[in-house]
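S.K.: Sharing a structure below in structure tokens format, with a few things to ask.
The values are calculated or read from the model by the stated rules, or taken from the named source; none is laboratory data. Source: prediction; values computed, not measured. Here the Cβ is made from the backbone with ideal geometry for all residues, glycine too, and neighbour counts use every protein chain on show. For accessibility, only protein heavy atoms count, side chains too; no ligands or nucleic acids. Shrake-Rupley method; radii C 1.70, N 1.55, O 1.52, S 1.80 Å.
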Amino acid sequence: MASRTYSMEEVNNVTEFIFLGLSQNPEVEKVCFVVFSFFYMVILLGNLLIMLTVCSGNLFKFPMYFFLNFLSFVDICYSSVTAPKMIIDLLVKKKTISYVGCMLQLFVVHFFGCTEIFILTVMAYDRYVAICKPLHYMTIMDRERCNKMLLGTWIGGFLHSIIQVALVVQLPFCGPNEIDHYFCDVHPVLKLACTDTYIVGIFVTANSGTIALGSFVILLISYTVILMSLRKQSSEGRRKALSTCGSHIAVVIIFFGPCTFMYMRPDTTFSEDKMVAIFYTIITPMLNPLIYTLRNAEVKNAMKKLWARKFSWETTGK
């Protein structure tokens, strides 16, 4: 028994991983540092502004903005798991992460990523009820149900990510330890395991792919039903509904397109994976505040009131 433990310790001799990053060209890395530092600042400021607007503009009582507030929070957390480390690594030659840090990053990335998928699905259901059953909207989407739905998104995200980590952490890693990515994701890490990962890869694809594709199909069906029901609405009601749903559909396409490409395939990696991952880890969290703000009159009005109150306070203070 002791000899078996010893051999397993020898097999699991990788204590850290090395990221190859977005590029090995120093000049390209400098440009990427400036660009992604700007993107990350936009993510933080944009999503914090959405949260501040929803909370201070008395929009929290409306289900759509209740979920939008938490979507912004998840976007900040989701991008913060990968973006700061990636940005710092663009300035250093050796981009390392400990084994424990890698497993933790993998867990948190999938936790917030899956939670975002479920929140987007719940927001589609909210729009379905609001447009197709307007008279019963506040009864169906009361605060208790919204809280339960939100709790469900967090539990779903946790279960998904704990399964992903459990599948990876039991694998032996004996070298090489270079990950051709800028963060720890399942497929690049599986590639380094010192054993056959075919079966594990099937479970990983089933877990991630089912959630990504299943939620995407549900969203497509929901918005199709919504758009078909708009034919019965007045021109003004149709315009408002299209404005709101249009922003949701844009976010869904930008987020789910890359996710489906990454996780609805066998355990393989492509050189394009890093660029595709940029879309759902950085671009989508950055665009969400812009899309929801520019296409939503209520959010824009709440922001105007927020700024008016701020300037009024500053003027009075002086």
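S.K.: Given the structure, is Gly152 open to solvent by 10 Å² or more (accessible area, probe 1.4 Å) and over 30 Å from Lys93 (Cα atoms)?
M.R.: Answer is yes for this residue.
S.K.: May I ask you to verify whether Leu20 is open to solvent by 60 Å² or more (accessible area, probe 1.4 Å) and modelled with pLDDT of 90 or more?
M.R.: So Leu20 does not fit the description; no.
S.K.: State yes or no: is Phe107 open to solvent by 30 Å² or more (accessible area, probe 1.4 Å), under 18 Å from the mean Cα position of the chain (by Cα) and among the aromatic types (Phe, Trp, Tyr)? Give the derivation first.
M.R.: Values: open to solvent by 30 Å² or more (accessible area, probe 1.4 Å): yes; under 18 Å from the mean Cα position of the chain (by Cα): yes; among the aromatic types (Phe, Trp, Tyr): yes.
Yes; evaluated as a whole, the condition is true for this residue.
S.K.: Take Cys132 and tell me if it is open to solvent by 40 Å² or more (accessible area, probe 1.4 Å), touching a helix residue (DSSP H, G or I) at 6+ places or on another chain (Cβ under 6 Å), of a type in the set (A, V, I, L, M, F, W, C) and over 24 Å from Ile218 (Cβ atoms).
M.R.: No; evaluated as a whole, the condition is false for this residue.
S.K.: Which number in (1) more than 17 Å from Cys259 (Cα to Cα); (2) part of a loop (DSSP other than H, G, I, E, B) marks the one condition that Tyr223 misses?
M.R.: Of (1) more than 17 Å from Cys259 (Cα to Cα); (2) part of a loop (DSSP other than H, G, I, E, B), only one is false for Tyr223: (2).
S.K.: Let me ask something additional. Looking only at the stretch 65-84, count every residue that is over 13 Å from Val108 (Cβ atoms) and in contact with a Phe, Trp or Tyr (Cβ under 8 Å, 6 or more places away or on another chain) and tell me the total.
M.R.: 3
S.K.: Let me ask another. Looking only at residues that are open to solvent by 70 Å² or more (accessible area, probe 1.4 Å) and hydrophobic (A, V, I, L, M, F, W, C) in the stretch 170-202, which one is nearest to Tyr263 (Cα to Cα)?
M.R.: Ile202
S.K.: Taking the condition of being open to solvent by 40 Å² or more (accessible area, probe 1.4 Å) and more than 22 Å from Leu44 (Cα to Cα), how many residues in the stretch 82-103 meet it?
M.R.: Matching residues across the stretch 82-103 total 7.
S.K.: When the residues of the stretch 149-191 are filtered to those that are touching a residue at least 12 places away in the same chain (Cβ under 8 Å) and polar (S, T, N, Q), which remaining residue is farthest from Thr281 (Cα to Cα)?
M.R.: Per the stated criteria, the residue is Asn177.
To keep it simple, each residue is scored yes or no on (1) farther than 21 Å from Leu151 by Cα; (2) part of a helix (DSSP H, G or I).
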{"site": "Cys55", "(1), (2)": "no, yes"}
{"site": "Lys61", "(1), (2)": "no, no"}
{"site": "Phe67", "(1), (2)": "no, yes"}
{"site": "Ile76", "(1), (2)": "no, yes"}
{"site": "Val92", "(1), (2)": "yes, no"}
{"site": "His110", "(1), (2)": "no, yes"}
{"site": "Ala124", "(1), (2)": "no, yes"}
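S.K.: From the residues in the stretch 161-218 that are over 14 Å from Gly113 (Cβ atoms) and among the aromatic types (Phe, Trp, Tyr), which one is nearest to the chain's Cα centre (by Cα)?
M.R.: Result: Tyr182.
S.K.: Of the conditions (1) within 23 Å of Thr224 (Cβ to Cβ); (2) of a type in the set (A, V, I, L, M, F, W, C); (3) open to solvent by less than 40 Å² (accessible area, probe 1.4 Å), Cys114 fails just one. Which one is it?
M.R.: (1)
S.K.: Going by the conditions given, is His187 more than 20 Å from Tyr125 (Cβ to Cβ), in a loop (DSSP other than H, G, I, E, B) and of a type outside the set (D, E, K, R)?
M.R.: Spelling it out, it is not the case that His187 is more than 20 Å from Tyr125 (Cβ to Cβ), in a loop (DSSP other than H, G, I, E, B) and of a type outside the set (D, E, K, R).
S.K.: Pull up the stretch 239-251, narrow it to residues that are closer than 30 Å to Lys274 by Cβ and open to solvent by less than 10 Å² (accessible area, probe 1.4 Å), then point me to the one that is nearest to the chain's Cα centre (by Cα).
M.R.: Looking at the filtered set, the residue picked out is Val251.
S.K.: Give just the number: which of (1) at pLDDT 80 or above; (2) open to solvent by 80 Å² or more (accessible area, probe 1.4 Å); (3) in a helix (DSSP H, G or I) does Glu236 not satisfy?
M.R.: Checking Glu236 against (1) at pLDDT 80 or above; (2) open to solvent by 80 Å² or more (accessible area, probe 1.4 Å); (3) in a helix (DSSP H, G or I), the one that fails is (1).
S.K.: Here is a follow-up. How about the stretch 203-212: which of its residues are open to solvent by 70 Å² or more (accessible area, probe 1.4 Å) and closer than 11 Å to Leu167 by Cα? Write out each step before concluding.
M.R.: Taking the stretch 203-212 and keeping what is open to solvent by 70 Å² or more (accessible area, probe 1.4 Å), we get 203, 210.
Matches in the stretch 203-212: Phe203 only.
S.K.: Hey, another quick one. State whether the residues of the stretch 211-219 include one that is within 19 Å of Ala130 (Cα to Cα) and touching a Lys or Arg at 6+ places or on another chain (Cβ under 7 Å).
M.R.: Checked against the condition, which is being within 19 Å of Ala130 (Cα to Cα) and touching a Lys or Arg at 6+ places or on another chain (Cβ under 7 Å), the stretch 211-219 yields no hits at all.
S.K.: Within the stretch 262-272, does at least one residue satisfy the condition of being at pLDDT 75 or above and part of a helix (DSSP H, G or I)? Can you show your working first?
M.R.: First pass over the stretch 262-272, keeping only residues at pLDDT 75 or above: 262-264, 272.
Checking the rest, the ones that are also part of a helix (DSSP H, G or I) come to 262-263.
Checked the stretch 262-272: at least one residue is at pLDDT 75 or above and part of a helix (DSSP H, G or I).
Every residue, every condition in (1) over 12 Å from Val299 (Cβ atoms); (2) open to solvent by less than 20 Å² (accessible area, probe 1.4 Å); (3) at pLDDT below 90, yes or no:
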site	(1), (2), (3)
Val28	yes, no, no
Val31	yes, no, no
Val35	yes, no, no
Phe38	yes, no, no
Leu44	yes, no, no
Leu48	yes, no, no
Lys61	yes, no, yes
Tyr65	no, yes, yes
